[in-house]
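One structure is given here, and the rest of the page talks about it.
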Amino acid sequence: MHEFDLHAPDGANKKRKILGRGAGSGRGTTAGKGNKGQQARSGGKTYVGFEGGQMPLYRRIAQRGFSNYPFKKEYQVVNLVEIEKRYENGETVDAETLAAKGVAKGPVPVKILGAGDLTRKLSFKVAAISASAKEKIEKAGGSVEAPAGGGGTPAPREGKKGKRQKRKAKAVAAAIARASGVKE
C-alpha cells in the first residue's frame with residue numbers, strides 16, 4: 001500500500017438519496033413517506049414512548065417505592081497509595097491540599113480508601129474514610145478528625161407516627177397511674 005493509493009473502503013461513501021423530484025425519479029410523489037398520516041406531514045415527529053395520544057405506558061404504570069437517587073452522596077475516591085506518594089510526615093490531608101497536589105479536583109467531597117500502605121504520620125480531615133483506611137492511618141500514627149461540616153448522617157426527624165406513638169404511650173402511662181392510685 002502506498003500513500004497515493006489511499007481510499008475509503010467500499011460502501012463507506014454513499015450518495016445521498018434524492019427525494020421528491022417527480023414521478024419519473026422513482027422517489028417522487030410521497031418521497032418514501034407512504035400515504036398521509038402524522039409521519040408523512042412536515043414537523044410530524046413524535047417522542048420516545050409516544051402512543052398516538054393514548055396515555056403512554058410509562059404514565060399508566062403505578063410508581064411505587066422510593067428511590068434514593070436524588071439524595072445520593074457522591075465522593076471522589078482517593079487511595080492511600082496516592083497519599084503516600086505526595087505527602088510528607090506531619091502534613092494535613094484535606095480537600096484543599098488534595099486539590100493542590102492534583103489528587104482530587106472540584107467541589108465533590110473526598111473519600112479515602114485503604115488500597116496500599118501508609119508509613120507517614122498524617123492528619124486527615126476529609127468527608128469520609130473507609131474502615132480499612134482508618135485502621136492503616138492510626139497504625140502509622142496518624143489521626144482522623146471529623147469533617148468541618150459535622151459529617152455523618154443527621155438524626156432522623158420525628159414524623160407524625162412517632163409523635164402519635166409518644167402521645168399514646170403517655171396516655172397509657174397516665175391511665176395505669178390513675179388505676180393504681182398513684183399521683184403523677
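Any residue that is of a type in the set (D, E, K, R), modelled with pLDDT under 90, part of a loop (DSSP other than H, G, I, E, B) and closer than 22 Å to Asn89 by Cβ - is there at least one of those in segment 145-155? Checking segment 145-155: at least one residue is of a type in the set (D, E, K, R), modelled with pLDDT under 90, part of a loop (DSSP other than H, G, I, E, B) and closer than 22 Å to Asn89 by Cβ. Condition first: in contact with an Asp or Glu (Cβ under 8 Å, 6 or more places away or on another chain) and outside any loop (DSSP other than H, G, I, E, B). Can you find one or more residues in segment 47-65 that meet it? Looking through segment 47-65, at least one residue is in contact with an Asp or Glu (Cβ under 8 Å, 6 or more places away or on another chain) and outside any loop (DSSP other than H, G, I, E, B).
Can you tell me which residues in segment 68-97 are assigned to a helix (DSSP H, G or I), surrounded by 11 or more Cβ atoms within 10 Å (Cβ to Cβ) and hydrophobic (A, V, I, L, M, F, W, C)? Selection gives Leu80, Val81, Ile83, Ala95. Gly11 falls short on exactly one of the conditions (1) at pLDDT below 90; (2) at positive phi, and that condition is (1).
The values are calculated or read from the model by the stated rules, or taken from the named source; none is laboratory data. Keep in mind it's a predicted model, so treat the numbers as computed, not measured. Note that we place each Cβ from the backbone using ideal geometry, even for glycine, and neighbour counts take in every protein chain shown.
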